[in-house]
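The values are calculated or read from the model by the stated rules, or taken from the named source; none is laboratory data. All figures in this text were calculated on a predicted structure; none of them were measured in a lab. Ideal geometry is used to build each Cβ from the backbone, glycine not excepted, and the neighbour counts take in all protein chains shown. The protein model used for the area step is the full one, side chains on, heavy atoms only, and it has no ligands, DNA or RNA in it. Shrake-Rupley method; radii C 1.70, N 1.55, O 1.52, S 1.80 Å.
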Amino acid sequence: MNTFEFLNYYSIGSFLLNNNSPIFHKATLQFLSLKKNIKIMQKVFFFLTSILLSVTAFAQINYTLRMPKPQNHYFEVEMEIQGIADKTVEIKMPVWAPGSYLVRDFSKNVNLVKAFNEKGESLVVEKTTKNTWKINKGSAQKIKVNYEVYAFELTVRTSFLDLTHGFVSGTGIFMYVEKLKNKAGKLNVVPHANFKTITTALPKSSDGTIGDGGTTFSYSDYDQLADCPIEIGNQEVFTFQSKGVNHTVAMYGEGNYDINQLKVDMAKITAASTEVFGQNPNKEYVFIVHNVTDSQGGLEHVNSTTLSVNRWGYSPDKYNRFLTLVAHEYFHLWNVKRMRAIELGPFNYDSETYTSLLWVMEGFTSYYEDLIMYRAGFLTKEEYLATLSKTLNYVEGSEGSRVQPVAHASFDAWIKAYKPNENSANTTMSYYSRGGLVAAVMDAKIVAKFKGKKSLDGFLQLLYQEFFVKLDRGFSAQEFEKMFSKYMEEDMADFFKKYVHDTQIPNYEALFAPLGITVENNNKELISFGAAFGMADGLVTVKAIRSKSAAEEAGLSVGDEVIGFNGYRMNVTLLNEMIAALDVNQEFNLLVSRDLQLLELKPKMGTYSKRGYTMKFSSDFEKSKEGKFFLRR
């Protein structure tokens with residue numbers, strides 16, 4: 001078939017296919033019945049295949065982002081959609097942001113959605129679900145969709161716009177077409193006239209800066225567009241090199257930071273992180289740092305991160321907190337974004353994405369953040385052990401640790417971790433802290449068994465190579481457990497059964513002894529009432545009740561107003577002092593108000609068994625090959 005024949009076939013076929021003509025289907029059957037003419041059949045097959053491929057091969061979405069009036073907090077978005085043969089197109093706004101496991105319903109910030117064909121004629125737009133709009137495009141080959149997004153929540157997972165700057169978290173700004181999520185496209189960012197700098201990990205398009213003052217970026221698929229936050233304003237930008245990677249840092253907001261010091265110290269952190277895996281898959285990496293009063297932590301991305309920190313948090317007594325956050329989020333470029341649970345990418349943006357492996361994704365990262373701080377020289381070995389001891393005591397001293405297995409904490413993050421209530425401390429445990437402690441235990445077991453020749457670093461390298469490099473996919477919980485058994489050269493099913501899928505307590509003394517680290521049990525029996533009090537609307541109010549406490553036994557409830565103690569009116573300070581002075585089993589009177597009804601309670605002072613540990617280096621630690629390898633500086 002020559003070019004002229006193909007173009008004739010293509011033109012006719014495209015018209016019939018795009019108009020859903022029955023002639024197309026009938027003609028196809030007739031052609032295929034001509035078995036005698038093989039050449040005709042070959043032509044028809046080539047012709048049909050070309051048409052069908054063209055339906056999506058040339059489909060594309062390009063975006064334009066504008067912010068003409070930052071003071072009204074609205075981003076204006078235009079989508080140019082082309083190459084879709086269907087008469088209707090559905091566009092969707094994600095309901096969540098990967099890395100933050102809560103349905104946030106970003107569509108709540110979207111105003112009226114409008115659509116137009118090539119002639120500028122309005123198309124019918126119908127909202128069909130909370131985050132879906134259906135556009136009746138008819139025969140239009142190219143349509144434009146316009147909408148506004150209200151952006152006035154400055155966190156690492158939401159978008160913001162005012163006269164000082166704009167911040168774009170992609171999942172809350174850019175809608176998508178499900179069948180085009182894997183298609184590449186372009187984004188033209190048109191800043192407000194007062195904003196001079198755009199910082200993002202998105203690569204600049206060959207289009208560069210165009211006539212409307214915008215800068216054009218390209219993306220390989222929707223996941224990349226959604227994964228690259230954008231800072232737009234007059235931020236201070238600096239760069240540094242580490243392990244062959246160029247790092248760009250954009251600093252929004254005033255703060256007591258020292259750029260020259262940051263260059264040196266962030267380079268140390270990123271280098272120590274890279275050494276864990278032995279390679280960095282990025283050539284470029286971007287830090288967007290928001291220096292604010294109400295810090296929000298960080299959020300990881302494939303080749304960037306957003307950090308929200310206290311603007312005065314760079315003083316010597318607080319500086320390590322910032323560097324620890326850098327270590328945590330940077331480590332995620334491997335753990336979570338590449339070496340990941342199989343559920344965590346490609347993403348379903350339309351609903352919750354459940355996994356029982358957040359204890360690995362976040363817990364292992366929490367474990368390594370402190371280890372990296374030590375390896376990079378920002379913690380002494382004594383300071384490092386103190387942080388590990390603090391985690392141990394927090395986890396094992398919490399009521400929720402005996403109720404919720406860490407695998408369950410991971411799976412239920414959507415409904416429990418991100419939606420805590422007054423009883424959460426009694427029934428839940430952080431998969432960050434508990435997962436970090438399990439990681440430490442796994443590391444200790446590896447180092448002890450193989451006498452300092454293997455460590456958790458090697459296991460992570462194995463996971464990274466086997467699943468990301470070779471298979472380019474995530475792993476299931478079962479695959480993770482089998483891989484650890486393989487690495488340990490023994491069946492580790494019982495380990496996961498006890499400490500991941502149940503809430504049993506490891507023998508920490510035996511686990512760490514081979515490493516030259518002693519763990520002593522220092523459980524304490526404390527006199528305790530088991531209630532926390534605070535002020536609400538000028539009233540002394542019960543804020544929390546510990547499970548199985550004297551307060552719970554007496555019938556005190558969260559939200560109760562405490563009016564009197566033993567016949568005297570109380571403020572919070574005096575109430576805490578009076579209760580602290582009581583002996584075990586001593587009875588007292590509380591006058592409380594619940595829903596405006598006065599209740600007189602007669603509690604007895606109780607006790608509380610507080611589990612605790614002391615970790616320290618043994619006298620022969622310096623002679624311990626395993627102990628030194630465990631720290632691995």
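Order K453, K445, K337 by their accessible area, 1.4 angstrom probe, all chains in place, largest first.
So the residues, ranked largest to smallest area, are K453, K445, K337.
Residues in the chain average 46 Å² of solvent-accessible surface per residue, probe 1.4 Å, ligands and nucleic acids excluded. If you average the alpha carbon positions of the range 376-423 and of the range 270-332, how far apart do those two centres end up, in angstrom? Using only Cα atoms to place each centre, the spacing works out to 20 Å.
Divide by every residue of the chain the summed helix terms, -39500 (n - 2.57) for each DSSP H run of at least 4, and state the resulting mean residue ellipticity at 222 nm, rounded to the nearest 500 deg cm²/dmol. Per the formula, -9500 deg cm²/dmol. For the chain, the dipole from Cβ point charges (+1 on Lys and Arg, -1 on Asp and Glu) about the Cα centre works out to 2020 debye, to the nearest 20.
Can you compute the FRET efficiency between V403 and V237 using 1/(1 + (r/R0)^6), with r the Cβ-Cβ distance and R0 = 45 Å? Round to the nearest 0.05.
On the way: r = 47 Å, r/R0 = 1.05.
Computed FRET efficiency for V403 and V237 comes out at 0.45.
Farthest toward the positive end of the dipole of the chain, out of A250, W133, N310, is the Cα of W133, where the dipole comes from beta carbon charges about the Cα centre.
R0 = 30 Å: FRET efficiency of A536 with K497, Cβ-based, nearest 0.05? Working shown, then result.
Working: r = 43 Å, r/R0 = 1.45.
With R0 = 30 Å, the Cβ-Cβ based efficiency is 0.10.
Ranking A444, S624, F240 by how far each Cα lies toward the positive end of the dipole of the chain (charges on Cβ) leaves F240 at the top. Sorting I342, I288 by solvent-accessible area of protein heavy atoms yields I342, I288, largest first, with a 1.4 Å probe. Legend: P(r) of the range 485-633 from all alpha carbon pair distances, 10 Å bins from 0, whole percents, reading 10, 27, 19, 15, 17, 10, 2. Exposure check, 1.4 Å probe, all protein chains in place: K144 carries approximately 80 Å² of accessible surface.
Between the residues L299, G83, L371, the greatest Cα displacement towards the positive end of the dipole of the chain, with unit charges on the Cβ of Lys, Arg, Asp and Glu, is found for G83. The largest accessible area among I84, I527 belongs to the first residue in I527, I84, and the rest follow in falling order (1.4 Å probe, all chains).
My understanding is that a pair violates if its Cα-Cα distance is over 19 Å; which of K183/K204; K445/K628; K69/K186; K92/K127; K114/K134 do that in this structure?
On the way: K183/K204 17 Å; K445/K628 14 Å; K69/K186 23 Å; K92/K127 10 Å; K114/K134 11 Å.
In this structure, K69/K186 lie more than 19 Å apart at Cα.
Specify the angular offset, from 0 to 90 degrees and rounded to the nearest 10, of the alpha carbon long axis of helix 3-18 from the longest principal axis of the alpha carbons in the chain. Tilt of helix 3-18: around 60 degrees. When only alpha carbons are used to place a centre, the range 474-530 and the range 598-633 end up 15 Å from one another.
Relative to the longest principal axis of the Cα atoms of the chain, helix 38-57 runs at roughly 50 degrees.
A simple spin-label model places pseudo-atoms 7 Å from Cα toward Cβ; at K451 and K204 they are separated by 5.8 nm.
Quick one: grab the alpha carbon gyration tensor of the range 219-302, order the square roots of its eigenvalues as a ≥ b ≥ c, and give me rounded if a/c is under 1.5, else prolate or oblate depending on whether a/b is larger than b/c. Could the numbers behind the result be given before it?
Values: a/c = 1.80, a/b = 1.10, b/c = 1.64.
Here the range 219-302 falls in the oblate category.
Using Cβ point charges alone (K and R +1, D and E -1), the dipole size of the range 172-239 about the Cα centre works out to roughly 160 debye.
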